[in-house]
Amino acid sequence: MTEYLNQGSKDTRSGFGEALYELGKQNPKVVVLCADLTGSLKMDAFAHEFPNRFIQVGIAEANMMGIAAGLTIGGMIPYTGTFANFSTGRVYDQIRQSIAYSDKNVKVCASHAGLTLGEDGATHQILEDIGLMKMLPNMTVINTCDFNQTKAATFAIANHSGPVYLRFGRPKWPNFTPPQQPFIIGKALLLNEGTDVTIIATGHMVWNALQACKILENQGISAEVINIHTIKPLDEEAVLASVEKTGCVVSAEEHMRFGGLGDSIAQLLALNSPAPLEMVAVNNSFGESGKPEELLKKYGLDVPDIVSAALKVIRRKR
């Protein structure tokens, strides 16, 4: 299999913060809004360097979305920042009515997504946000896998016209994608070619999928691994081409199995090319407080869970 090396674990939110600061120097239309979490979202450098383009709205997320929508009318490119739970669930009405419905050029940037938020527990670990956001017309949904890809995506969405939901995480995580790799919205990345099973992963689960691929290879199983960083629009061509070759697929995501990446793949296959599918995702449950690695293991999102799903789906194919 293709070897991907960990260049040193870094949190994806720091990739967002670095890109935001550089964007501020490059594009005077970029304005940043934060809901009292400047440090957590690594917005400090932008806030310090560009105080006239930084708005601290406080713990008033709904108001932040309304302000962001209004700023687009004047030609600005607003990036909003808070935890994923507060970026979506708390303000869904404002995003739907003020941003998505009128196709406003707002970049809704959400950190601390999924179970790997860790010790803050179930009330902060939103596992439904991808489903909420992908159902909105006009909304682009992006879920990045490491520091480098988050940084690249933060730049890319500035040049995209229309609302975007950019989802990333809290913990330090293996940073393995090439630092200069172009980020093309809606274009999947083939990480490893295989013939027996397709593993399609998003976010932190991409690294786990690559580790599962190694284990499967040692068992004589050839796994194709695809990084889906853009969940909407989904790269349907890449998914269908891979499953046509392997005949079965595993989806892996740090999200509820209802409404997430796996759901999108299932719908695509059902409408075009039915094939066995196994979903590695949280199964109809809230999270809890704990270490990120422990939570991934408890809720079935660890490397062995991907391996098990791959073996199961191959048996179903046969």
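The values are calculated or read from the model by the stated rules, or taken from the named source; none is laboratory data. The structure presented is a predicted model; accordingly, all values stated were derived computationally and were not measured. For neighbour counting, all protein chains shown are included, and Cβ atoms are generated from backbone atoms with ideal geometry for every residue, glycine included.
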Worksheet entry | Residue that is farthest from ALA19 (Cα to Cα) [pool: residues in region 117-145 that are polar (S, T, N, Q) and surrounded by fewer than 24 Cβ atoms within 10 Å (Cβ to Cβ)] | THR123
Fill in: Exclusive hit being touching a strand residue (DSSP E or B) at 6+ places or on another chain (Cβ under 7 Å) and more than 22 Å from ASP36 (Cβ to Cβ), set ASP129, ASP146
ASP146
Worksheet item: Here are ALA62, ALA45, ALA68: which of them is of a type in the set (A, V, I, L, M, F, W, C), in contact with a Leu (Cβ under 8 Å, 6 or more places away or on another chain) and surrounded by fewer than 19 Cβ atoms within 10 Å (Cβ to Cβ)?
Response: ALA45
Response to the item:
Note on region 123-141: residues out of contact with any Leu (no Cβ under 8 Å at 6 or more places or on another chain), modelled with pLDDT of 95 or more and either part of a loop (DSSP other than H, G, I, E, B) or among the basic types (Lys, Arg) (or both) are ILE126, GLU128, LYS134, MET135, LEU136, PRO137, ASN138, MET139
Response to the item:
The residue from SER222, SER251 that alone is among the polar types (S, T, N, Q), surrounded by fewer than 20 Cβ atoms within 10 Å (Cβ to Cβ) and within 15 Å of ALA309 (Cα to Cα) is SER222
